[in-house]
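Each remark here refers to the structure printed beneath this line.
Where a number appears in this text, it was derived from the coordinates with a stated rule and is not lab data. Only a predicted model underlies this, so the values are computations on that prediction, with no experimental measurement involved. Cβ: placed from backbone, ideal geometry, glycine included. Neighbour counts: every protein chain shown.
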Amino acid sequence: MELKEEGLIEIKDLTKDYGNERGIFDINLNINKGEMIGFVGTNGSGKTTTIRSILGFIKPTKGEVYVNGMESWKNQDKIAKLVGYVPGEIAFPDLKTGVNFLKSQAEYKGITDLSYADSLIKELQLDPKANLKRMSKGMKQKTALVAALMADSPIIILDEPTTGLDPLMRDAFLNIIKREHQKGKTIFMSSHMFNEMEDTCDKVALISNGHIIDIADMKAIKNRNEVDFKIEFNDAESFNKFIKMNFKIIRIQEKYNQCTIEINKDNINDLFLKLDGLNVKFISEVKYTLEKHFKKIMEGNNDEK
Amino acid sequence: MSIIEVNHLTKDYGSGRGVFDVSFKIEKGEVFGFLGPNGAGKSTTIRHLMGFSHPGLGNTKILGMDSFKDYDRILNKVGYIPGEIALPQGLTGYQFIDMMQHMYHVNNKEMLDKMLNLFELKENELKCDTKHMSLGVKRKLAIVTAFMSDPEVLILDEPTSGLDPIMQQRFIDFVIEEKKRGKTILLSSHIFSEVDATCDRIAIIKDGRIVDEFISNDLKHASLKQYRIRFNDLNDYEKFINEYDKNIINILKEDKEKLVLKITCEDKNINNVIHCFTKYNLKEFNNIKETLEDYFMHFYKEDKEFGGNF
């Protein structure tokens, strides 16, 4: 099937009002072919509702979602053929083993070649013969990921795929998702782990109380010209000398003789020259992260209210 | 008397799955971290502690009472958060709280309100059916009901999985508060920062066996720091390698192409290191944090092979 380059997924003024201020309101988001977009937000902010609307599981109160130009709610079946989906809460059908489940999914999606599923199983070290009901959380998630990817669908949507996974398994998941992205897949993924978004996504959308309040461009965050350092001194004298030196101080903790400064990347030598002769206890870089970026925005938002 | 005891617990599920000769003790007022990969046996151990499973060999005790035999006596002294939350359907959040209060014979409105506020469970969320709650809201509800009787023992199985970062931090602060109040806490988690921030002692379980146990402070205040420095030109890069003071700086890794060095130094020598830096033209300077995560990743390595089952 021919895929749209621009706006492969289009969310237009999407509103689902559950009453009592619960739901999502006027969501607009465009995802182009080949993009990998992250989706973050506090608990209950509307991530899953948005994701389920893309898949056509939810009838919007207002607005619409298009996947490859097809309106989601009316074309659930067609969209299911384009999208591999890992839900946030996995509820398997009443089948005995992982193998039974994967075979039923393959049949439903019309897949005859199971070699990719098999290689994923090996990579994830999954024992698909295990009883579905007795599977640990990690095993369930692995099974769901294999089911979502085995059809080689051009769009992959994942709702908190790494929640509850141990660090090694999380890396294995992310590597697989990254590889799918490199193959040209379009990916939309929600998560609470900012660091995993930083490494993988092109853009990250932030949702709060049902509204998208920011879409961060990861390139801009990564290629920041400034760098922040936290510096603690062994004595008040050094500390006092330093804070008078015209560095841009963004945080100060006098009781520990500690401050955090922001300097241009090119001025690192200047920093060491000024520090030379002072009594430093430690110096460490404070990374500017997606988490900080969003914190700034959230705080700004609260001030307005 | 230890508050929580696991004595030679063995439960063999076959095919190498289960827990084998697991032992540890947790004293009053201690926060004990329980780490390990998915499927290593954390939840199995915890479920035995809660009296849900009969041990194959050995026993588990809480407050001196056998978990399995004295299940009903232990129940309302322990706050438990399960790893996977399954709430009964057809109830609203409020009805679920009522049900739990009846079951545990508790009616501590003050504590309940405090918990609801702390975890920001709003009226509109509690009024809706558990079926329509998001994962995060269900998790919060499980936390609130586990703590509402103000129990002296807390058993927490991945308590913050699925919580947003703000709530995760709030949870950590809460655990630290509870610890100060003398609570005894078992915390299983994959989120190293939360283990790091709260635990006194940590045990690692792998393939059903405890493979390491240690005091967490030993790791927390490592004064040896790792830095990555990048030079502006090859001249300075080579000059540094030739003349650096081996007593204060140790070079871990050289990357001549990128003009990058990875070095370590003790905090107590930082002033000498700074002085040394002033002699060169540096382009970048970062420090690499040695975390609990780096330290323990090797326990997480798996060596099992599966596949080829179609």
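Protection proxy ranking, highest mean first, for peptides A:104-110, A:290-296: A:290-296, A:104-110, where packing is the per-residue count of other beta-carbon atoms within 10 Å, averaged. For the segment A:31-42, counting C-beta atoms of other chains within 10 Å of every residue's C-beta and taking the mean gives 1. Once the Cβ-Cβ distance of residue B:110 and residue B:28 is raised to the sixth power relative to R0 = 25 Å, the FRET efficiency obtained is 0.60. Rounded to the nearest 20, the Cβ-based charge dipole of segment B:4-220 about its Cα centre (Lys and Arg +1, Asp and Glu -1) stands at 240 debye. Taking label positions 7 Å along the Cα-Cβ direction at both residue A:15 and residue B:131, the computed distance is 2.7 nm, reported to one decimal. Over the C-alpha atoms of segment B:54-159, the Rg to Rh ratio, Rh being the Kirkwood estimate, stands at 1.00. Projected label points at residue B:65 and residue B:123, each 7 Å from Cα along the beta carbon direction, are separated by 3.8 nanometres.
Remark: mean inter-chain Cβ contacts per residue of A:196-203 equal 0, using a 10 Å Cβ-Cβ cutoff to other protein chain atoms. Normalised by the number of residues in segment B:1-98, what is the relative contact order in percent for Cα pairs under 8 Å and 6+ residues apart? With pairs under 8 Å counted, the relative contact order is 28 percent. Across chain A, the mean sequence separation of Cα contacts (distance under 8 Å, 6 or more residues apart), normalised by length, yields a relative contact order of 19 percent.
One equal scatterer on each Cα of the protein assembly as shown, no solvent, Debye formula: the resulting log10 I(q)/I(0) at q = 0.10 Å⁻¹ is -1.05.
Projected label points at residue A:299 and residue A:254, each 7 Å from Cα along the beta carbon direction, are separated by 2.0 nanometres. Charge tally for residue B:152 (other residues, Cβ to Cβ under 10 Å; Lys, Arg +1; Asp, Glu -1): +2. Between residue A:59 and residue A:234, the FRET efficiency estimated from the beta carbon spacing at R0 = 56 angstrom works out to 0.30.
Largest first, the three principal axis extents of the alpha carbons in segment B:224-289 are 29, 23, 17 Å in whole numbers. Neighbours of residue B:200, meaning other residues whose beta-carbon lies under 10 angstrom from its beta-carbon, give a summed charge of 0 when Lys and Arg score +1 and Asp and Glu score -1.
All alpha carbon pair distances within chain A were sorted into 20 Å bins beginning at 0; the resulting P(r) in whole percents reads 29, 47, 21, 3. By the count of neighbouring beta-carbon atoms within 10 Å, fewest first, B:190, B:102, B:275, B:8 end up ordered B:102, B:8, B:275, B:190.
Put in order of Cβ neighbour count within 10 Å, fewest first, the listed residues B:198, A:260 become A:260, B:198. Here the contact order of chain B, divided by its residue count and restricted to Cα pairs under 8 Å and six or more residues apart, works out to 20 percent.
What the Cα atoms of chain B give is an Rg and a Dmax of 24.4, 76 Å. Per residue of A:268-280, other chain Cβ atoms within 10 Å of the residue Cβ number 5 on average. Computed over the protein assembly as shown, the per-residue total of -39500 (n - 2.57) for DSSP H runs of n ≥ 4 gives a 222 nm mean residue ellipticity of -10000 deg cm²/dmol, rounded to 500.
Taking a straight Cα-Cα cut-off under 20 Å and skipping sequence neighbours fewer than 8 places away in the same chain, the lysines within cross-link reach of residue A:4 are A:12, A:33, A:74, A:78, A:81, A:183, A:185, A:203.
In a simple Cβ point-charge model (Lys, Arg +1; Asp, Glu -1; nothing else charged), segment B:1-128 has a dipole of about 200 debye relative to its Cα centre.
Computed over segment A:225-287, the range of Cα coordinates on each principal axis works out to 30, 21, 19 Å, biggest value leading.
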